[in-house]
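Here the structure is laid out as structure tokens; the discussion comes afterwards.
The values are calculated or read from the model by the stated rules, or taken from the named source; none is laboratory data. Computed from a predicted structure; not experimentally measured. Cβ: placed from backbone, ideal geometry, glycine included. Neighbour counts: every protein chain shown. These accessible areas exclude ligands, DNA and RNA; they are computed on the full protein's heavy atoms, side chains included. Shrake-Rupley method; radii C 1.70, N 1.55, O 1.52, S 1.80 Å.
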Amino acid sequence: MSERDSSFDEQIDIGADPKWRSVLKSIWRFVRTQPLGTVGILVILTIAFLAIFADYVHTSDPEGFGRNFLKPPSEENFFGTNRNGQDLWSRVVYGARPALILGLGAVGVAMFVATLLALLAGFFGGIIDTLLSRLVEILIAVPQILWLLMLTTAFDRSIQTLIFAIAFAFSPITLRVLRGNVIQEAAVPYVEAARVIGASSPRIMFRHILPNMAPLMIVIASITIPAALLAEAGLTFLGLGLEPGTPSWAMDLGGGARQYFASGWWLPVFPGAALAVTVLSFNLLGDSLRDVLDPRLRGSGLV
Amino acid sequence: MQAYIIRRLILVPVTLFIISVIVFVFMRAVPGDAGVAKCGAAGSFDQKCFEVVRQELGLDKPKIEQYWIWFSDIFKGDLGFSPLQRIHINEEVWGRLWNTFQIGILSLIFTVLIGIPIGAISAIRSGKLIDYLLRFFAILGISVPNFWIATLIIFLPAYFWQIRVAPDWVGWEEPLMHLRVVALPAIILSLSGAGAIARIARSSMLEVLSSDFVRTARAKGLRERVTVIRHVFRPSMITIFTIIGLQFSLVLGGSVIMEAIFGIQGIGLWVIEAIAARDFVIIQAIVMLLSFWFLLITLLVDVAYAWVDPRIRYN
């Protein structure tokens, strides 16, 4: 069936089908046209599943000390054991928790703040817009890594600090892109029509403009999540992220863990692979979502 | 155009001033100041040493005065004195910058050499197997964390074959050896940039490939190779060069981790050491310096962009 036929089918289906069937249809369409994105989302769901049910997937206490030190992978310890006798598989599985919480949390905060400010700046224009745009230019002038280093140094070590720092580093660029989108959407005739019939500013912003920003917001979020994951991993690797000892992929790649890498190939391989696969899956999903939701951005690698 | 450049040039010191305020506030919020870091925490704490350090740092003066002394010094080109390392930052910083710069520039060369051909081949063979393979490599490049690649490259050969891959820093006294030492972190650092550039090169070339003048060139019987090189490659270079300019400032940030792994005495490792020692004079100096650098590069890129492509007008 050609591309045109299938979209024709779907046009007929609208209204005729119950809602869940049209949802199923668009999911099936995504699976068929975006195989890589589908692989991405399946892997992400698997990792999320392991993270949630970490207690039940052949794991032992990731922070307790065991007696089998530096054992290679076996049936008992899938990924071998580390210098503290901890099961590396357990550490990798539990390590998915901070990674997902940080990635999603930081991007959530950044998106929330950036969307709110973008609506204010793009809708009202004037002095608010000028001030916010200048602030964005200033914040962007400092390399992201320096913001991250400064913020994690200035505040106490906690998952909240990390979320805040990463969100802070990523929101200016998000704000800039979303502001352009708001200005674009505010110029559309139906917004003017809404204003003419006397709709209030908040109503226009949240009921008319915000829903139309959703595609771009989803695209930006899916591109920022892998970047946030890498930023957190980098910080933790340098010893400035999560608390020492926490089961975390980057933690097992840096700091004290490194002294033992010469005694076991499995020590650096598995935690790093978990991180790489997660970031890759988010990137594949992000690419597919961009293709589906915003064809103008196809393959640009930007935003 | 001139007005635009002048406006941008005026904004540089304004931006730097505001950054300096933000940085100062953040760094004074750091728990545990340099006095404590230098003179030991509770137990072995030395009150006299503490007071001397605080005086040297000017920590006993009011905050506003501290800021003003620091800021006016920076504007005069004096980045300050680090009482912890007992060095004038100006004396140390250039050697450090030079080391980071060598890695940065080499990494940028690798980024271009790897990224652009991959993007170009991918665009020309669009939809073919090779396109899918190259695109997958590009996305792999931006996904796989560089510190993991570096770790594997250092430890796996050492584990399996007892080979030492990363030699010590030797300096330009041994040029060939030095290049080898610099090349390894540079190429690892370049991978994510190469992936990004490949994706951008591909999409901008695809855009040009579907334009009217390319169809005309093909219609008049121009050989494919000439069409691609003369009509496709050149216009898409504009986008690519902008990104390369921005990539250069990213590389400086990314080298922090490479310097930490390979123990290279550059700016990045210096920041990490300074953070560990709570030596905020150094942190402040580096943030100001790199921001200045970043602003200049962005300005140059924007101006070059407007100059190359006259359709772009900045208001």
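Would you check if B:LEU206 is among the aliphatic types (A, V, I, L, M) and farther than 30 Å from B:ILE154 by Cα? So B:LEU206 passes the test. Does A:SER222 qualify as being outside any helix (DSSP H, G or I), under 24 Å from A:ALA169 (Cβ atoms) and of a type in the set (Gly, Ala, Ser)? When the stated conditions are applied, A:SER222 does not pass them.
In the stretch B:242-251, the condition of being within 16 Å of the chain's Cα centre (by Cα) and modelled with pLDDT of 80 or more is met by no residue. Checking the stretch B:127-134 against the condition returns no match, with no residue being touching a residue at least 60 places away in the same chain (Cβ under 8 Å) and of a type in the set (Phe, Trp, Tyr). Within the stretch A:241-268, the residues that satisfy the criterion of being of a type in the set (A, V, I, L, M, F, W, C), within 7 Å of chain B (Cβ to nearest Cβ) and open to solvent by less than 30 Å² (accessible area, probe 1.4 Å) are A:LEU253, A:PHE261. Applying the criterion of being among the small types (Gly, Ala, Ser) and within 11 Å of the chain's Cα centre (by Cα) to the residues of the stretch B:252-269, the residue that is most open to solvent (accessible area, probe 1.4 Å) is B:GLY254.
Within the stretch A:55-80, the set of residues being polar (S, T, N, Q) and without any contact (Cβ under 8 Å) to a residue 24 or more places away in the chain comprises A:ASN68, A:SER74, A:ASN77.
When you scan the stretch A:100-110, do you find a residue that is within 14 Å of another protein chain (Cβ to nearest Cβ), within 22 Å of B:VAL256 (Cα to Cα) and at pLDDT 90 or above, even just one? Within the stretch A:100-110, one or more residues are within 14 Å of another protein chain (Cβ to nearest Cβ), within 22 Å of B:VAL256 (Cα to Cα) and at pLDDT 90 or above.
Taken over the stretch B:51-103, the criterion of being of a type outside the set (Gly, Ala, Ser), closer than 27 Å to B:GLY268 by Cβ, open to solvent by 40 Å² or more (accessible area, probe 1.4 Å) and not in a helix (DSSP H, G or I) is satisfied by B:LYS76, B:ASP78, B:PHE81, B:GLN85, B:ARG86, B:HIS88.
Within the stretch B:189-202, is there a residue that is away from every other protein chain (no Cβ under 14 Å), open to solvent by less than 60 Å² (accessible area, probe 1.4 Å) and of a type in the set (Gly, Ala, Ser)? Yes, some residue in the stretch B:189-202 is away from every other protein chain (no Cβ under 14 Å), open to solvent by less than 60 Å² (accessible area, probe 1.4 Å) and of a type in the set (Gly, Ala, Ser). Inside the stretch A:151-186, residues that are more than 15 Å from A:LEU119 (Cα to Cα) and polar (S, T, N, Q) make up a count of 5.
So that you can scan it fast, the table gives a plain yes or no per residue for (1) hydroxyl-bearing (Ser, Thr, Tyr); (2) closer than 27 Å to B:LEU290 by Cα; (3) buried (at least 20 other Cβ atoms within 10 Å of the Cβ); (4) touching a Phe, Trp or Tyr at 6+ places or on another chain (Cβ under 8 Å):
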| residue | (1), (2), (3), (4) |
| --- | --- |
| A:ARG134 | no, yes, no, no |
| A:ALA141 | no, yes, yes, yes |
| A:MET150 | no, yes, yes, yes |
| A:PHE155 | no, yes, no, yes |
| A:PRO172 | no, yes, yes, no |
| A:ILE197 | no, no, no, no |
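For the stretch B:116-175, which residues satisfy the criterion of being among the basic types (Lys, Arg) and either in a helix (DSSP H, G or I) or within 10 Å of another protein chain (Cβ to nearest Cβ) (or both)? B:ARG135 - this is the single residue of the stretch B:116-175 that is among the basic types (Lys, Arg) and either in a helix (DSSP H, G or I) or within 10 Å of another protein chain (Cβ to nearest Cβ) (or both). Out of the residues in the stretch A:50-81 that are touching a Gly at 6+ places or on another chain (Cβ under 8 Å) and of a type in the set (S, T, N, Q), which is surrounded by the most Cβ atoms within 10 Å (Cβ to Cβ)? Ranking the candidates gives A:THR81 first. Filtering the stretch B:203-235 to residues that are surrounded by 19 or more Cβ atoms within 10 Å (Cβ to Cβ) and not in a helix (DSSP H, G or I) leaves nothing. Among the residues of the stretch B:236-247, is there at least one that is under 30 Å from A:GLY255 (Cβ atoms) and either surrounded by 20 or more Cβ atoms within 10 Å (Cβ to Cβ) or more than 9 Å from chain A (Cβ to nearest Cβ) (or both)? Yes: the stretch B:236-247 contains one or more residues that are under 30 Å from A:GLY255 (Cβ atoms) and either surrounded by 20 or more Cβ atoms within 10 Å (Cβ to Cβ) or more than 9 Å from chain A (Cβ to nearest Cβ) (or both).
Checking the stated criteria, B:VAL165 turns out to be surrounded by fewer than 16 Cβ atoms within 10 Å (Cβ to Cβ), farther than 30 Å from A:PRO143 by Cα and not assigned by TED's automatic domain parsing to the domain that holds B:ARG96. Going by the conditions given, is A:PRO211 within 24 Å of the chain's Cα centre (by Cα), without any contact (Cβ under 8 Å) to a residue 40 or more places away in the chain, open to solvent by 50 Å² or more (accessible area, probe 1.4 Å) and within 14 Å of chain B (Cβ to nearest Cβ)? So A:PRO211 fails the test.
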